[in-house]
Each structure stands twice: as C-alpha cells, then as structure tokens.
Amino acid sequence: MELAVFTKFYDSPPVCREEVLRYAGVRECTSELDGLVDECILLASGRTAFKVCYCELLVSVCGDEVAMGCIKVTSKSLAKNLVGCDRAVIFAATVGIELDRLVARYSSVSPAKALILQAVGAERIECLCDTFNAEIAKERKTRPRFSPGYGDFPLEAQREIFALLDCPRRIGLTLNDSLLMSPTKSVTAVIGISAK
Amino acid sequence: MNIKEYLKQNILYLDGGMGTLLQARGLEAGELPERWNLSHADVITDIHRAYFDAGCNVVNTNTFGANSLKFSDDELEAIICAAIKNARRAAKESCGEQPKWVALDIGPTGRMLKPYGDLDFEDAVAVFAKTVRLGVRYGADLVLIETMNDSYESKAALLAAKENCDLPVFVSNAYGEDGKLMTGATPAAMVAMLEGMGADAIGVNCSLGPKALAPVVDEYLKCASVPVILKPNAGLPRAVSGVTVFDVDSVEFAKEVTELVRRGVRVVGGCCGTTPEYIAAVVEKTKNIQPTRIQNKSVTCVSSYTHAVTFSDAPVLIGERINPTGKKKFKEALRAHDMDYILKEGIAEEEAGVHILDVNVGLPEIDEKKMLVEAVCALQAVTALPLQIDTSDASAMEAALRRYNGKAMINSVNGKQESMDSVFPLAKKYGGVVVALTLDESGIPASAEGRLAVAEKILAEAKKYGIEKKDIIFDPLAMTVSADKNAATQTLKAIRLIRERLGCHTSLGVSNVSFGLPARDVVNGAFFTLALGEGMSAAIMNPYSQEMMKAYRAYLALAGLDDNCAEYIEFASNIHTPDTVPVPISDKPTAEDFASELGRAISKGLREQAAEITSAMLDSVAPLDIVQNEIIPALDRVGVGFENKTVYLPQLLMSAEAAKAAFEVIKSNMSGDKGADRCEFILATVKGDIHDIGKNIVKLILENYGFSVVDLGRDTPPEAIVEETVKRHAPIVGLSALMTTTVPAMEETIKQLRTHAPWCKVIVGGAVLTAEYAAAIGADRYARDAMEAVRYAEEIERELVK
C-alpha cells in the first residue's frame, strides 16, 4: 500500500487565559499579572502557526511488541493503549518557531514575560492537538493520544516518526541529536483507532 | 552550450516529481530513495529519460537527501557518482533535440540550525560542501538547491556551492500558505539575500499548486534581477482509497503555469505529484511564448531572517546605540562579556522605532572578531531587524557577514585603496549594502564637489568587482559646524549632488554636526530635517533623542509619506512637553514617605514605578539604605510567599524584575561603593539541551539576592563549564537539564567538575530531575525551584565564611 501523509493548517483559535495561567502555575491571579498575561497573548497573536502532518497506519499488537506500519516499538504502555485497535493515526504538530524567538527575546529582558509566553505556547500546542484529535475522533472511536516518552514508549521512536512523516519538509519541525524537537512547542503522538 | 547563455534567450524546462514516481515503482515508506541510484539504476534512468522525452532541459539527480548527515562518506560518493551517471545516460538515450543538462539536486538537511536547533551554521556549510564537491567531481552541469524552508540553511547551502564550484547555482525555496518560509522570510528578503550572494536563478518550489504560489511568484518577479524559477506541486494531496492523489491535473497545471510564464517566470518544472505528462503539457503550452526580458530592478535593500528593508522615499533609521564609543557601561558590559546588555540595547532601539541596528563592539582589549560574531548571532536570534555590521577589522567583518542570516549593511568602506581592497571582495562574496564614506588618502574633501569625486572613484572601483551602484550608500560625512561654519552646508550639498549626479542613496551619522555645542539635540534635529529635505535616504542616529524622532515624524507627514498624518498624531500623543512632567514635591522627601511605596511596587511587580520611586528616593536616602531597608525586605516577603505557595512563579519574577529595575537605578548612581558582593555562581544548561527558561529564572533571582552569576548559556559543553569554574575558582555551579536525554550530559559535567574542580558544590535542577536522580548522578543538591537555589547558595556562603 502506498503511504499517504497529509498536512493540515488551521487558523489559530482564541487563547484560553485560564489554561495559560494553569501552565504558568498560577491559581489566583492579581490585576498586575492579568495585565502581563494580556500583553503576552497580544505579543503571541499572529506569531503562532497551527500545523499538523499525519498519516494513518495499520496496527498490530503482540505482547509488548507494537507494529504501526513500518514502525516497530517495544512498549508495554503503548501496547496497552492500543489494545483493540487495528489502525492508528500518527501525527506531528507544531505552533512554529516564532514563539521560540519571542521567548528567547524576552528571557534576557523580562523572564516573567518569557515564562508567560512559554505558558501561552503550551496552551497553543495543546489546543492544536485537541483540535486535530477532535477531527479524528469525530467519526471513529479513538484512544487517548499517546506520545513518545509517555510510560515506556521510547523517545527513540521519534526518529522513525520523523522519517515517516517527513516533518521538516511538511511543517518545518526538526529533531536534534538529543531527540529534542525544534520548534519546542511541538508534539508527536499516536491516536489509536478502535476496530469497532 | 552554456546554460546561463541559453537562459538569456529561452525558457528553461526543469523536470517534475521524483518521490511519488519512486513510490509507485515500489519504494517502501522509510526507505532512502537516494540508494535507488545504485540498487535500481534502471528505474531512475527511466524516470529521467521520460522527463527528457517530455521536453525537459534539466533533470535533477536523485540526490535530494544525499548528504553526510545521512550517509557515510563512501556511500555518499557512490550514490552521487551513480546518480549523475544515471542522469547522463538518460540524456544520451532520450529523444528530443533540446539542449540537456544535469543538475546536482540538494535538499535541506532536515535539521534546524542553531540557536533554535543544534546544527551549527559552519557544520551545515561543511555538509553541503561535501555534496557539492562530489557533484563537481562526477560531472554535474549545475547545482539546484531546492525545497529549502529556512533562510539560514539556504544561505549555508548557497555559500557551500559558491565556495566549492564554479557551476551555475539555482536556489529554490518552499513557501507556506502565508507566503513566507517556515522560519518567517518573505520573498523580498530571500531575493535580497540570494541575489546578493550571487545565485544565478532563484524561485519557489513544492508546498502548493501553481495558483496558490502565484502571489509569491509575483513578489519574486517584482524584486528579482535574475531569472525566476517555478516548480510547484500538482496542487494539494488527498487520499482516495488509501492512495495519494493531487487535485490539479496536467491540463490545469499547464494552464496555470503558462499564466505565470507570461508574467515573467523563466525556469519552470514541477514538484510533488507532477509527472512527465505534466511537464510535456507545460512545454507544449509555453514553447512559443516569447520569453520576457529580465530587468535589473535597481532596488537598494537589506534583509533579516524575516523581511527586507528598502531604501527609497521614506528615510531609514539606523540605531547607533550598540557602540561602546563614549559609553562607560557599554564598555564594562563588553569586558564582562555581558551579551544580555547588548540584546537589551537592541530590543530597546527596535521598540523606539529604528529599522536597522548598527552593531559595533570594538574595544582595543577584547577579541573583536569573536565578540562581533557572537553579538550578531545573539541579536539576530531575538530581533527581526536587519543589522549594519560596523567594524574596521576586515576579518571580523568577514566572520560576521558569514554568520549573518540575510543581506547585511556593511559599515564601512572609503575611497582609500586599502579600504576598497579589503571590503569589496567581502561585499561581493556575502552580499550586502556598503556604506561608503567620501574620504580617501588625501582626507575629507572640504567641498561637496570634492566628496562627489571620491564617490565617483569608489563607484568605479566597486564596478571592477561587479558590485552595482544600488549596493552602495554614500555617507558624505557630517562635520562639526562649531569648527567650520560651512561644514553643514557642504555636507547637505554633497547629499544632493550624489543623489542627482550618481543616482545613489545617502546616509549620515547626523550627530557629529553638533559636536562641541550646547543642547546638541536641537541642532541635530534641525540638521536631520535639512538633510532629509536634500534627499538623504537614511541616518545613523540615536532613537532615544526626542528631537531626532520629532524631525523624522514631522518629515514623514510633510513629505506625503504618512497617510492622514496618522503616525504623526500617534507619535505626538506621547510627546512629553515640559508642562506635562509631574511637578516635583516641594519638601524634600524622607525615607518614610517611600518606605511602603517602593516595597509595594516591588511586591506588585511594577517595574517602571519601582525605578521611578527609587530614583526619587536617591535625593534623600543613601543607596545602600534603600537596598537594605526597602528592596531586600520586599524581595524577602515575596520569596517567603513563594515558598509558602501564596505567591506564584510569574509573580515572583515580576517582583524580581521590579527589584532589578530599582537596583539598576541605584547602581548607576553609585560610584565605586558597590556594597558587599556575594560569591560567584556559575550557571549553565548542559550540552544538548536548548531549553533555558528555568536557568534564566534562577539567574534573575540569584542576582536579586546579590550573587554574582556567570551565565554560560545553553547547550554548554562540560569542558567549557569546567574551564570557567577552574578559572574563577567558583564555589558553586548550577546545572539545568530539561530532558531525560540530556541528563547524561549533566552527569558527565559533574564527573569532570569532580576531577578538575573538587572544591565546588554542584546544584542541579530541571523538569526531569528529582532529589534521588540528582544524588544518583553525583550532584550535591537538587533544587526544585529558584528560591531553593538561593537558600542553598546562602548555605554554601555561610560555610565559606567559617
């Protein structure tokens, strides 16, 4: 079967302030902090992209051995996540490099701003993953998305996922030697699709 | 036939997609297509032949990912050798009488360059250089760099090609739906950089279909003075029963491409989803079109990683503040290697409204070349403004131009032969707009005509290098009017002469004119207005000067460059006239008046207020008393609140920033008496890890508590940390790591510290660490947050005193 990898771009929806505060570790907000959050959301607006590339693969699970298309992984937790699935969507998502630049810009001028911008980035990428996930789950029964690094799903699987999806070319997402992703506000994950 | 000659008279046809055709012939997912040059030579040759049969002039070798990051040296050589042989054989065996060439195809490495990734710029150049040299050895006719979605990597590849071959080099970039590269560059920015470096044809490929790429292509046609390439996808892919199909068929594709050829595209082909059928259709529809003549656009522009700044009617402001001349604090910062100081200056100038940043970091006692490269790299990581590299050291200039992500301004050359001999070769190789001072071996001519003559001489010399006059901006030199009453009038006349007789742009370092006079700003502003009236295009100036900004804004409005005077009105609303400045309090304030106020400003995190209150307090309160009685107690209250979880991290940081602002006011008011310095604390994010926000937070809080922090940055090799610790005999080292994959680097750093700096204590932190994990890798202490790091540092300090 020929492998079909697709790219999707979304318009980025409004930022959820409560989530930003949660990622920044704040439970009670002051008016000064409120002002800072507003400022950071404004700074980030227009500087985030919402990009996903993905493909759908056949899945087979045998004990701890999971095969998703050409990707073979030994992982108890992934195997458990994919129980009862015969297919899976593998995706990579990123909100782009501009947010990294913003954080870097303010980390020397204002670490407080950098921290909130970091939280805005966390909110954005989760929002993007949720948006994409909801589309996949619209017509089919899906498992919670599962990323390399969760449980014993080895981070090394990143290399194969990147090769499979051609992330640098499709969405400008790259992997370095330490298996870190650039842009940093990015996610790769597997969404299992139940057979029934 | 020479391809460049052919291109002058003809439309050049490139080939179409390769990947999709290989998959159809059985290439497995995850298999490297470059290996098929060896294992399936016939298949590859067949595909090339089909493209030549369809009417292509150029096929691209199947070497998109053939680089030394993916293949061993031996395999790389075998692949490139076979790839070129396959293409040559196809040329020979194919029908058609059209001239045929073989292009060495070079795609991106798939890695992000530093600082946002881990591939060093020079390493990227070396990777591409290897591929280029093999391409030359095995007989490629030209180099095609394609599908690049990052400007910096495009530069690395083009530089490698230029340094390692004399073949024609074509560069094609992949643009997103927003009309920019993934890392942000606009077409105008790419045209500026690539043309500046001498690419023979430039353009776009991949990503989208021809129609969707049309706006980007139009931008290229508007800016480019070299042939424009178009190699689009067959529209967008979608899945039809598990198979990828593209939504633009060959007929529609040819129609859309033909439209763009009519508008001026000179090099056409296809990318993903296109086949020989598509190319044949394009050739058929366009072969009788008379190719558009390529015109020299004569646009003077510089660029950054995002955008181009063009010199035309609206004056360009070049910020002069990144320069140690006459600035004590700047000099200190350079000596202390305080890069943050330079970044803050650059960001502040950007916020003040300049368009370009001049960067000068020359001091006799520092290594200027190293510092300049570092400053350029650090600045271009955080600001989108183009840079003007300002040095008289040719080797520093070259090193900085090499690393610059765009087309820089080069400050400066002059009419002396020696100057031209050293600067023009650099401008030719790396591209750039050169600021040329109208002086030579006999000094600065007194008359405007004399300066015009020097300018003519400089243009003639530049021409020998193939540097066009659009890439020279003349600075006819503002001289001191207090020393010579005709100084300003001659300079103003020279601006007009250069503009009218030579058709060149001009720029001035405006403030020289007022040297030796009182209230210099007034003279500077007036002179600036006069110079703009004479047609000056740019100025190197101080953007914090109200008079200069007033002159600039008013000029824009008066010269018809500010619609509805909207920008002027916006600007005017922020002008402080004397009667809007708050009236000073008549009685001298006492410490009590401010006691709660400063404390409150700090605990609420109000930066400007904290600074203002502090500077008002300094009239009556001793600096150290403010620190001891106000700032430290306020900080402590916030710190304790954080430890008790009633204050959250962002608030702690806001307070810390407010306290820092107060400290800075105090520091600039204290001469010598700094109070007791606390011990040195070395801080770094370990090798392989590029996350540094946690480290920066710890740094800020430690500095607030008076520790002298030596920040080694991120992705720091163990050896560098050890070297600094030993050099300073530092008692504490703080290491940060975010990922499990970089904890081994942390462990290695600790091991080396134990060997070479056994006295020092190591404290570690970061998302993946725990107290147990920290103990296991040999650290002395784990800190969950910045306050814990402070408490530990205080502990160490107490022990040191004992």
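Sites listed here are trypsin sites (Lys or Arg not before Pro) in the range B:590-657 whose DSSP assignment is loop and whose Cβ has at most 11 other Cβ atoms within 10 Å: B:Lys645.
Beyond 14 Å, the tail of the calculated P(r) for the range B:591-669 holds 53 percent of the Cα pairs. On full extension, the segment bounded by A:Leu58 and A:Tyr150 gains 31.0 nm, given 0.36 nm per residue less the C-alpha separation.
Take the Cα coordinates of the range A:5-194, assign each an equal point scatterer, and use the Debye formula without solvent to give log10 I(q)/I(0) at q = 0.14 Å⁻¹. Relative scattering, expressed as log10 I(q)/I(0), comes to -0.80. Greater than 18 Å separation of Cα atoms is the criterion. Which listed pairs, B:Lys155/B:Lys687; B:Lys331/B:Lys727; A:Lys113/B:Lys699; B:Lys493/B:Lys550; B:Lys130/B:Lys369; B:Lys645/B:Lys761, meet it? In this structure, B:Lys155/B:Lys687; B:Lys331/B:Lys727; B:Lys493/B:Lys550; B:Lys130/B:Lys369; B:Lys645/B:Lys761 lie more than 18 Å apart at Cα.
Mind checking the alpha-carbon convex hull of the range B:329-414 and giving the volume per residue in Å³?
On the way: hull volume 8.2 nm³, N = 86.
Hull volume normalised by residue count: 95 Å³.
Put simply, when B:185-197, B:153-165, B:416-428 are sorted by average Cβ atoms within 10 angstrom per residue, most first, you get B:185-197, B:153-165, B:416-428. The GluC sites (Glu not before Pro) of the range B:324-372 that meet both conditions, a loop assignment by DSSP and at most 13 other Cβ atoms within 10 Å of the site Cβ, are B:Glu365. Taking the alpha carbon gyration tensor of the protein assembly as shown, multiplying each eigenvalue by 5 and rooting it gives semi-axes of 48, 41, 25 Å, largest first.
Round to the nearest 0.05 the FRET efficiency obtained for A:Ser31 and B:Glu797 when R0 = 35 Å and r is the Cβ-Cβ distance. Approximately 0.40, to the nearest 0.05.
Approximating the spin labels as points 7 Å out from Cα along Cα→Cβ, the B:His756-to-B:Asp120 distance works out to 1.6 nm. With R₀ set to 22 Å, the beta-carbon distance separating B:Lys463 from B:Ser225 gives a calculated FRET efficiency near 0.90.
Put one equal scatterer on each alpha carbon of the range B:385-540, apply the Debye formula with no solvent term, and list log10 I(q)/I(0) at q = 0.09 1/Å to two decimals. Values, matching the q order: -0.28.
For the range B:262-366, what % of the accessible area comes from carbon and sulfur atoms, probe 1.4 Å? It is 48 percent, rounded to a whole number. Calculated over the range B:70-229, the projected area of the Cα convex hull averaged across directions stands at 10.1 nm².
Pair-distance distribution P(r) for the range B:1-157, from all Cα-Cα distances in 10 Å bins starting at 0: 11, 39, 35, 14, 1 percent. Bridgeable aspartates and glutamates around B:Lys751 (alpha carbons under 16 Å apart, same-chain partners fewer than 8 residues away excluded): B:Glu719, B:Glu723, B:Glu724, B:Asp780.
Placing dummy labels 7 Å off each Cα toward the beta-carbon, the span from A:Arg17 to A:Glu135 is 3.0 nm.
Quick check on chain A: helices-only [θ] at 222 nm, where DSSP H runs of length 4 and up contribute -39,500 (n - 2.57) each and the sum goes over total residues. Nearest 500, please.
On the way: 7 runs with 80 residues, N = 196.
Calculated from helices alone, the mean residue ellipticity at 222 nm is -12500 deg cm²/dmol.
Computed from Cα positions, the angle between helix B:743-756 and the longest principal axis of chain B comes to roughly 60 degrees.
Pairing the Cα long axis of helix A:98-109 with the longest principal axis of chain A, what angle in degrees results, from 0 to 90 and rounded to the nearest 10? That helix lies at roughly 40 degrees to the long axis. Measuring only protein heavy atoms, the 1.4 Å probe finds A:Val83 accessible over about 90 Å². Considered as an equivalent ellipsoid built on the Cα gyration tensor, the range A:111-196 has semi-axes of 24, 18, 13 Å, the largest given first. Computed over chain B, the range of Cα coordinates on each principal axis works out to 95, 76, 48 Å, biggest value leading. So which lysines can B:Lys287 reach, going by Cα to Cα under 28 Å and dropping same-chain residues fewer than 8 places off? Those lysines meeting the cut-off are B:Lys4, B:Lys8, B:Lys92, B:Lys100, B:Lys211, B:Lys222, B:Lys231, B:Lys255, B:Lys297. Taking every protein chain into account, the accessible area of the range B:680-801 amounts to 39 square angstrom per residue (probe 1.4 Å). For a modelled paramagnetic label at B:Cys679, 7 Å from Cα along Cα-to-Cβ, the residues of the range B:774-791 in reach, with backbone nitrogen under 15 Å, are B:780-781, B:789-791.
Modelled spin labels at B:Glu597 and B:Glu163, positioned 7 Å past Cα toward Cβ, are 5.9 nm from each other. In this view, the solvent-accessible surface of B:Asp313, computed with a 1.4 Å probe and all protein chains in place, comes to about 100 Å². Fully extending the segment from B:Ser482 to B:Asp313, taken as 0.36 nm per residue of separation minus the present Cα-Cα distance, adds 57.8 nm.
Here r is the Cβ-Cβ distance between B:Glu418 and B:Thr325 and R0 is 22 Å; the resulting FRET efficiency, rounded to 0.05, is 0.45.
For A:Lys80, the lysines whose Cα comes closer than 23 Å to its Cα, not counting residues fewer than 8 places off in the same chain, are A:Lys72, A:Lys138, A:Lys141, A:Lys196. Note on the range A:73-152: semi-axes of the ellipsoid equivalent to its C-alpha gyration tensor, largest first and rounded to whole Å, are 33, 15, 9. Using only Cα atoms, find the angle between the long axis of helix B:121-137 and the longest principal axis of chain B, and express it within 0 to 90 degrees, rounded to the nearest 10. Orientation of helix B:121-137: about 20 degrees from the principal axis.
The values are calculated or read from the model by the stated rules, or taken from the named source; none is laboratory data. Note that the structure is a prediction, hence the values are computed from the model and not measured. As a convention, Cβ positions derive from the backbone with ideal geometry for all residues, glycine included, and neighbour counts pool all protein chains shown. The protein model used for the area step is the full one, side chains on, heavy atoms only, and it has no ligands, DNA or RNA in it. Shrake-Rupley method; radii C 1.70, N 1.55, O 1.52, S 1.80 Å.
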